[in-house]
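Reviewing the structure listed below.
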Amino acid sequence: MRIDLHIHTAPLSACSYIDPHELVQEARRMKLDGICLTEHQVLWDLAGVDKLALEEGIKIFRGNEYTTNQGDVLVFGFYEDIKELLIIQELREAVQKAGGFMIAAHPFRGFKTFGIGQLQMTVEQASKRKVFEFVDAVEIGNGKLSEDENDMARKVAEKLGLPGTGGSDAHRVDEIASWITVFEKDIENEQELVKELHAGRFRAEVGSRNAECGSGKDDQD
């Protein structure tokens, strides 16, 4: 099952230009089986998601992108709207209690500005970022990042023995499905999504958009 795990929409994320109905139409065109709405510290109403999914005939799941003192984290299976900056230890405790799943989002965003070579950061050094102590997985394929940034995330995930996910981090329709997560089993609801994440039955892949255009993007929001 092909799912874009990281998408922002205009109604709830001020930085996004994506209309939800245009989103699902483009997701189908990109041959996705499902999408995750991961707004910035705002949670979609379940009834609204179910209505959109029924109208458009595609699986839609809710997540959240929280800003913590150690960077951004994608969270699934934890349904609280929290607006303020979070202490990652506290978020971890709350998510674990709820049985949820945490992913370090774009952990090396910004390296393309300075260059990994210039920074001379090794994988060993990069893997010591504190965020990795509190997550279940690492986003190793993010559609808004450069190949070098994604590659560093992949190497760190491998070193730490953490699974890797993929998502477009789309803020525009033409960014959807640049990176995806492929699940081994079909997923019908959010509970099953969290179950499959915990089971590790998934892998990150370049999506159909980047397969056509080449991976890596130069812009980011």
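Each value in this text was obtained by applying a stated rule to the coordinates, not by laboratory testing. Note that the structure is a prediction, hence the values are computed from the model and not measured. Backbone-built Cβ (ideal geometry, glycine too); neighbour counts: all protein chains shown.
For Rg and Dmax of the Cα atoms in Å, the value calculated from this model appears in [x] 16.2, 46; [y] 20.6, 66; [z] 16.0, 50 under label [z]. Ordering of 27-40, 193-206, 46-59 by packing is 27-40, 193-206, 46-59, highest average first (other Cβ atoms within 10 Å, averaged per residue). Calculated mean residue ellipticity at 222 nm for the chain: -9000 deg cm²/dmol, from DSSP H runs with n ≥ 4 weighted as -39500 (n - 2.57), summed, divided by the residue count and rounded to 500.
For the options Val173, Val123, Val75, a Gaussian network treatment of the chain with springs between C-alpha atoms closer than 10 Å singles out Val123 as fluctuating the most. Taking 18 Å as the straight-line reach from the Cα of Lys130, the lysines in range (excluding those fewer than 8 positions away in the same chain) are Lys155, Lys159. Partner lysines whose Cα lies under 22 Å from the Cα of Lys195, excluding those fewer than 8 positions away in the same chain, are identified as Lys59, Lys97, Lys185. Only beta bridges with both residues in segment 2-210 are counted; by DSSP, about 45 percent of them are antiparallel. Among Glu139, Glu65, Glu188, the residue with the largest mean-square fluctuation in a Gaussian network model of the chain, with springs joining Cα atoms closer than 10 Å, is Glu188.
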